[in-house]
1. Within the range 30-53, does at least one residue satisfy the condition of being in a loop (DSSP other than H, G, I, E, B), among the basic types (Lys, Arg) and more than 16 Å from the ligand (Cβ to nearest atom)?
2. So, in the range 155-171, exactly how many residues are in contact with a His (Cβ under 7 Å, 6 or more places away or on another chain) and either in a loop (DSSP other than H, G, I, E, B) or acidic (Asp, Glu) (or both)?
3. Filter the range 41-54 down to the residues that are surrounded by fewer than 17 Cβ atoms within 10 Å (Cβ to Cβ) and either of a type in the set (A, V, I, L, M) or without any contact (Cβ under 8 Å) to a residue 60 or more places away in the chain (or both) and list them by number.
4. Could you look through the range 98-153, keep only residues that are part of a helix (DSSP H, G or I), away from the ligand (no atom under 15 Å from the Cβ) and not charged (D, E, K, R), and pick out the one that is most open to solvent (accessible area, probe 1.4 Å)?
5. Find the residue count for the range 17-40, including only residues that are without any contact (Cβ under 8 Å) to a residue 40 or more places away in the chain and more than 21 Å from residue 189 (Cα to Cα).
6. Can you find, within the range 175-185, the residue that is farthest from residue 120 (Cα to Cα) among those that are free of Cβ contacts under 8 Å to residues at least 60 places away in the same chain and within 14 Å of the ligand (Cβ to nearest atom)?
7. Would the range 15-37 turn up any residue that is closer than 14 Å to residue 63 by Cβ and in contact with a Phe, Trp or Tyr (Cβ under 6 Å, 6 or more places away or on another chain)?
8. Before we move on, is residue 157 at pLDDT 95 or above, within 11 Å of the ligand (Cβ to nearest atom) and of a type in the set (Val, Ile, Thr)?
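The values are calculated or read from the model by the stated rules, or taken from the named source; none is laboratory data. Please read all numbers here as calculations on a predicted model, not as lab measurements. Methodologically, a virtual Cβ is constructed for each residue, glycine included, from the backbone with ideal geometry; neighbour enumeration extends over all protein chains shown. Just so you know, the surface numbers come from the protein's heavy atoms only, side chains and all, with ligands and any DNA or RNA stripped out. Shrake-Rupley method; radii C 1.70, N 1.55, O 1.52, S 1.80 Å.
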Amino acid sequence: MSVKPTHVGLSLREDLALELYSDLAGHLAQLGLFLRVEMEDHPTTDGTLRVFTALRAKHANTGIVLQSRLFRTPKDIDAIPPGPLNVRMVKGIYLEPAQIAHTQPEPIRAAYVECVKKLAARKAFVALATHDDLLAEQCLAVLKQAGYTREQYEFQVLMGVREELWKKWREAGHTVRVYVPYGPEWRPYSIRRMRKNPQILGHVMRSALRIG
Ligand SMILES: Cc1cc2nc3c(=O)[nH]c(=O)nc-3n(C[C@H](O)[C@H](O)[C@H](O)COP(=O)(O)OP(=O)(O)OC[C@H]3O[C@@H](n4cnc5c(N)ncnc54)[C@H](O)[C@@H]3O)c2cc1C
């Protein structure tokens, strides 16, 4: 289960977010399930990492999302205390200011590969959450070089996006996990995401019209 920190009150009080995430993690552990702390825009990064660090100290069935777009991410990887770690690596959906983030596709990709190298060096479980097949190939090469087995990483994709890739990855023996937004509040959720990054609307229109 993936939950955004502001959905459990991070922007009200960090201890509230920690309490609600902890309840959820305990409940999910009884069901044999995993809780992913998602990453939102940069004003929430410090608080999210603090909450995750405290959560992970008590609940092994939890993981975090890190964004290659942000300059700070390699240092954030170093700052996460030792021990088993499960990271969903993403480019980052929020359009962040150029003072703190890469804004062009190539540097965002290069930073993604660098972060995967750092995660591999500490033997973290890595979820490659991308639909960028060239980037995925580069990351697979990094993980292979680091001696990863198929149990130590997976692909994560958004429902409906580039399904031909999932098939290719699954046929090659990789695990592919599909992210499925659900619940009655899907409309405000979707609109909020499009406001944060209007490029999503372009993706949706291209997919609907089957362009590209
Ligand atoms: C499982 C999952 C969880 C995520 N969780 C977070 C998170 O917690 N925080 C966060 O900041 N970001 C999150 N993201 C979003 C991520 O940061 C990127 O914005 C998103 O994955 C697009 O980048 P890309 O790596 O797929 O490459 P891109 O270069 O953006 O896309 C590669 C290809 O996929 C297509 N594509 C990509 N996205 C879409 C779409 N939505 N609809 C249609 N086509 C699309 C593009 O047209 C292009 O052809 C998540 C992504 C995934 C897959």
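1. No, every residue in the range 30-53 fails to be in a loop (DSSP other than H, G, I, E, B), among the basic types (Lys, Arg) and more than 16 Å from the ligand (Cβ to nearest atom).
2. Of the residues in that region, 2 qualify.
3. Filtering the range 41-54 down to residues surrounded by fewer than 17 Cβ atoms within 10 Å (Cβ to Cβ) leaves 41, 43, 46, 50, 53-54.
Once the filter is applied, which keeps residues that are surrounded by fewer than 17 Cβ atoms within 10 Å (Cβ to Cβ) and either of a type in the set (A, V, I, L, M) or without any contact (Cβ under 8 Å) to a residue 60 or more places away in the chain (or both), the range 41-54 yields 43, 46, 50, 53, 54.
4. The extreme case among them is 145.
5. Selection size over the range 17-40: 13.
6. Filtering the range 175-185 down to residues free of Cβ contacts under 8 Å to residues at least 60 places away in the same chain leaves 175-178, 180-185.
Then drop every residue that is not within 14 Å of the ligand (Cβ to nearest atom), which leaves 175-178, 180-182.
Values: 175: 17, 176: 19, 177: 20, 178: 23, 180: 27, 181: 29, 182: 32 Å.
Once the filter is applied, the top-ranked residue is 182.
7. Taking the range 15-37 as the starting set, the residues that turn out to be closer than 14 Å to residue 63 by Cβ are 21, 24-25, 28-29, 33-37.
Now drop any that are not in contact with a Phe, Trp or Tyr (Cβ under 6 Å, 6 or more places away or on another chain), which leaves 37.
Yes; the residues of the range 15-37 include at least one that is closer than 14 Å to residue 63 by Cβ and in contact with a Phe, Trp or Tyr (Cβ under 6 Å, 6 or more places away or on another chain).
8. Values: at pLDDT 95 or above: yes; within 11 Å of the ligand (Cβ to nearest atom): yes; of a type in the set (Val, Ile, Thr): yes.
When the stated conditions are applied, residue 157 passes them.
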